[in-house]
1. To the nearest 10 square angstrom, what accessible area does Ser228 show with a 1.4 Å probe?
2. Rank Cys239, Cys212 by accessible area, highest first, at a 1.4 Å probe radius?
3. Considering only protein heavy atoms, what is the solvent-accessible area of Ser233 at a probe of 1.4 Å, reported in Å² to the nearest 10?
4. Taking a probe of 1.4 angstrom, what is the accessible area of Thr99 in Å², to the nearest 10?
Amino acid sequence: TIAMIEDLVLLKNVKKRSTLSKLILDVTRAEETVPVCLYPFELESEQAKSLMPNDYLDGKGRSFFFLNTKILHNKHKQVLEAKLKQRFDDDTVAEQLFTSDWKLIYKEQNASVQNNPTKFQQFFKAISGKGPFLFIISGESEGRRVVAGGFNVEPFPQMPDSFQNGQQLKIKSTAESMYFYYSNNELHHFELRNKPDNFGSIYFDYANSGACLLGGYFITYSFSTSYSNNIGSPSSIKCIDGNITSVPHSFSMSAIEIWAMDQERLGTSDLADK
């Protein structure tokens with residue numbers, strides 16, 4: 001159709017893969033029959049140009065992870081994306097999740113800062129009310145590079161106007177909530193054990209600082225002297241793809257990224273409501 005030809009011509013100036021995917025899906029859904037050709041015509045060279053990267057066409061495979069994270073390697077992206085999709089019983093909801101726009105809402109390259117109320121409040125302001133989200137940290141443990149994190153459909157709690165010493169704000173969880181731990185060839189995934197409604201919490205100390213605790217004390221990201229940055233015992237969570245019961249305790253955190261779905265651009269109700 002003329003409309004489809006015009007859409008394909010527009011692809012020439014579009015570089016973002018997620019935008020291309022959305023445009024092609026919308027166009028094909030509008031057609032009574034699905035076109036068998038997915039190669040837009042290049043006007044200058046009068047040749048069809050593939051949207052797929054060469055290494056994918058050559059059979060080498062490539063991760064189409066929905067986040068442009070710098071922490072996860074390609075192998076990690078492939079494994080994590082596959083595991084996340086398995087957490088959803090509804091394919092429509094999973095498709096919405098992986099084709100939506102996501103934002104990097106928080107990033108820190110020096111994740112060793114502690115006892116810093118200003119940094120903590122900047123952190124909490126950045127994540128306040130944001131979700132679904134993916135929390136990713138990296139560092140070293142016993143000479144090995146380690147990546148860990150957690151995925152949650154429910155958002156972070158809203159930042160309160162004032163903090164109380166010892167107060168903890170709960171991060172609610174759903175059946176899709178999941179944690180992960182990657183080191184060399186160790187690829188482990190976890191889910192909550194005894195408290196399926198509590199993905200984690202935001203803790204406040206006496207000095208107007210605090211920490212983010214995920215999976216009990218599995219992951220601790222701290223700005224407080226009460227806690228240290230750490231990947232600790234997975235006692236509150238259980239491994240869903242093996243028998244691992246512990247992870248190394250000597251961990252030096254180096255970087256953190258927190259990604260959240262852009263609900264404003266999504267234009268629908270929160271994914272958690274589905």
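The values are calculated or read from the model by the stated rules, or taken from the named source; none is laboratory data. From a predicted model like this one, the values you see are computed outputs, not experimental measurements. With ligands, DNA and RNA removed, areas are computed over all heavy atoms of the protein, side chains included. Shrake-Rupley method; radii C 1.70, N 1.55, O 1.52, S 1.80 Å.
1. 70 Å²
2. Details: Cys239 25, Cys212 0 Å².
From most exposed to least exposed: Cys239, Cys212.
3. 50 Å²
4. My reading of the accessible area for Thr99 is about 50 Å².
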